């Protein structure tokens with residue numbers, strides 16, 4: 001069995017795409033997922049399942065949501081090692097003393113095309129900063145994420161891939177949860 005983290009995009013936001021986490025855990029158990037646990041109401045799930053391709057698990061979860069709720073929700077599934085790498089390699093915490101409450105990670109569905117990365121890297125929105133790294137973007141917004149132009153929608157449009165963003169606290173909590181299954 002392998003431990004996984006799934007993050008959903010766009011649920012329980014502004015009264016749209018409502019999914020109660022207790023009910024959702026029950027739905028996932030119907031798929032033979034085990035040790036299912038959720039964190040807050042924004043679609044953060046840890047679970048155990050047989051070793052499987054992450055893309056296949058994303059489709060399984062996405063299809064279950066569509067079948068039960070009739071929502072088309074982007075789903076991202078990763079193994080614990082992916083989150084561990086993020087936490088250990090955040091460039092805003094290497095040689096810098098940034099306040100972690102201003103750190104976020106935008107998780108990308110796939111690695112963007114190099115030309116999209118280059119075009120996006122050429123943009124600058126001080127004091128906000130971002131660093132694109134493979135299929136994730138490290139984001140630092142010292143005036144708060146709610147005030148930045150470099151949000152989830154920005155990265156989806158500029159990079160041409162689906163994305164979902166979590167703050168640093170949530171990222172740490174998800175790794176802690178998946179390691180304690």
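The values are calculated or read from the model by the stated rules, or taken from the named source; none is laboratory data. Here the structure is a predicted model, which is why all the values come from computation and not from measurement. Cβ coordinates were reconstructed from backbone atoms using ideal geometry, including for glycine residues, and neighbour counts include every protein chain displayed.
A single entry from 137, 77 fulfils the requirement of being outside the structural domain of residue 163 (by TED's automatic domain parsing) and in contact (Cβ under 8 Å) with a residue 24 or more places away in the chain: 77.
Could you tell me whether region 57-68 includes any residue that is closer than 26 Å to residue 139 by Cα, assigned to a helix (DSSP H, G or I) and at pLDDT 95 or above? Yes, the conditions are met somewhere in region 57-68.
Mind checking which residues of region 21-48 are part of a strand (DSSP E or B), surrounded by 18 or more Cβ atoms within 10 Å (Cβ to Cβ) and either touching a residue at least 40 places away in the same chain (Cβ under 8 Å) or out of contact with any strand residue (DSSP E or B) (no Cβ under 6 Å at 6 or more places or on another chain) (or both)? Explain how you work it out, then say what you get.
Taking region 21-48 and keeping what is part of a strand (DSSP E or B), we get 34-39, 44-48.
Next, only the ones that are surrounded by 18 or more Cβ atoms within 10 Å (Cβ to Cβ) stay: 36, 38-39, 44-47.
39, 44, 45, 46, 47 - these are the residues of region 21-48 that are part of a strand (DSSP E or B), surrounded by 18 or more Cβ atoms within 10 Å (Cβ to Cβ) and either touching a residue at least 40 places away in the same chain (Cβ under 8 Å) or out of contact with any strand residue (DSSP E or B) (no Cβ under 6 Å at 6 or more places or on another chain) (or both).
Residue under question is residue 84, and the condition is that it be surrounded by fewer than 18 Cβ atoms within 10 Å (Cβ to Cβ), outside any loop (DSSP other than H, G, I, E, B) and touching a strand residue (DSSP E or B) at 6+ places or on another chain (Cβ under 8 Å); does it hold? It would help to see each step written out before you state the result.
Values: surrounded by fewer than 18 Cβ atoms within 10 Å (Cβ to Cβ): yes; outside any loop (DSSP other than H, G, I, E, B): yes; touching a strand residue (DSSP E or B) at 6+ places or on another chain (Cβ under 8 Å): no.
Judged against the criteria, residue 84 is not a match.
What do you reckon, is residue 7 at pLDDT below 95, assigned by TED's automatic domain parsing to the domain that holds residue 78 and touching a helix residue (DSSP H, G or I) at 6+ places or on another chain (Cβ under 9 Å)? Considered against the rule, which asks whether it is at pLDDT below 95, assigned by TED's automatic domain parsing to the domain that holds residue 78 and touching a helix residue (DSSP H, G or I) at 6+ places or on another chain (Cβ under 9 Å), residue 7 comes out as no.
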